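Working notes, beginning with the structure itself.
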Amino acid sequence: MELRPTTADDLQTILGWVKDNQEMVMWSGPTFVWPLEHTQLARYFDNPNRSYWSAVDAESLELVGHASLLIDNDADLMRIGFIIVNPEHRGRGVGRELVEAVIHEGFATTTIPVMTLGVYAHNTAALNLYETLGFSSTGVRFQTTVDQEQWDVLEMARPRMTG
């Protein structure tokens, strides 16, 4: 897997990975409104404090994942988000490689001591992944209703590792 900046063309591919409202919210939280459209992704892609990363298969050059990293030095905030893996490549370690690469990029480009993220409590695969990468839960950040179901959003934090 190779990490490269996300392009506008990547957004159309990512749009095809999100099939319904629950998948969209699982990926993006309350950022978008279903049905997800390219114009919403284009607005998301226009934040100067956010870096957008695409994971590309090194051999086929196929887009296999996406994540973003918000860095706000004034607020001492670094937050990874919008992590999504092509459904055809899930369960193959792409998510781990992608998140590891974004963690590395984040800590390499800022002195902010902690990286945070939000994850839905029922997304056990993501929770387990983040825990193995050094994130720990700091508690429920908020609750939201998705298609008449109550979802808890956990806040997770990972300190800069030294040594």
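At 25 °C and 0.890 mPa s, what whole-number value in µm²/s does Stokes-Einstein give for the translational diffusion of region 44-136, with Rh from the Kirkwood sum over Cα pairs?
On the way: Rh = 13.9 Å.
It comes out at roughly 177 µm²/s.
Can you give the extra length, in nm with one decimal, that the chain gains between MET161 and THR124 once fully stretched, where that is 0.36 nm per residue apart less the Cα-Cα distance?
Details: separation 37, 0.36 × 37 = 13.32 nm, distance 2.41 nm.
Extra length from MET161 to THR124 when fully extended: 10.9 nm.
Rounded, prolate or oblate: which one fits the chain, using the alpha carbon gyration tensor with axes a ≥ b ≥ c (rounded when a/c is under 1.5, else prolate when a/b beats b/c, else oblate)? Write down the numbers at each step before the final one.
Values: a/c = 1.35, a/b = 1.08, b/c = 1.26.
The shape class here is rounded.
Using the beta-carbon distance between THR144 and ARG4 and R0 = 25 Å, what value does 1/(1 + (r/R0)^6) give for FRET efficiency, to the nearest 0.05? Provide the component values of the computation, followed by the final result.
Details: r = 32 Å, r/R0 = 1.28.
It comes to 0.20.
Using the Kirkwood radius over Cα pairs, work out the Stokes-Einstein diffusion coefficient for region 93-163 at 37 °C and 0.692 mPa s, in µm²/s as a whole number.
Values: Rh = 13.1 Å.
My calculation gives 250 µm²/s for D.
Using the Kyte-Doolittle scale, which helices in the chain average at least 1.0 and also have C-alpha atoms spread 24 Å or more along the helix axis, with helices defined as whole DSSP H runs? Provide the component values of the computation, followed by the final result.
Working: long enough: none.
Membrane-span-like by this rule: not one helix.
At a Förster distance of 30 Å, what's the computed FRET efficiency of GLU131 paired with ARG92, Cβ-Cβ distance as r, to 0.05?
In this case the efficiency is close to 0.95.
In deg cm²/dmol and to the nearest 500, what is the mean residue ellipticity at 222 nm of the chain if only DSSP H runs of at least 4 residues count, each as -39500 (n - 2.57), divided by the residue total? List each step's numbers first, then the result.
Values: 5 runs with 50 residues, N = 163.
Result for the chain: -9000 deg cm²/dmol, rounded to the nearest 500.
Bear in mind these aren't lab numbers, they're just calculated from the coordinates by the rules spelled out. Since this is a predicted model, take the numbers as computed values, not measurements. Don't worry about glycine lacking a Cβ; one is built from the backbone with ideal geometry, like all the others, and counts go over all protein chains shown.
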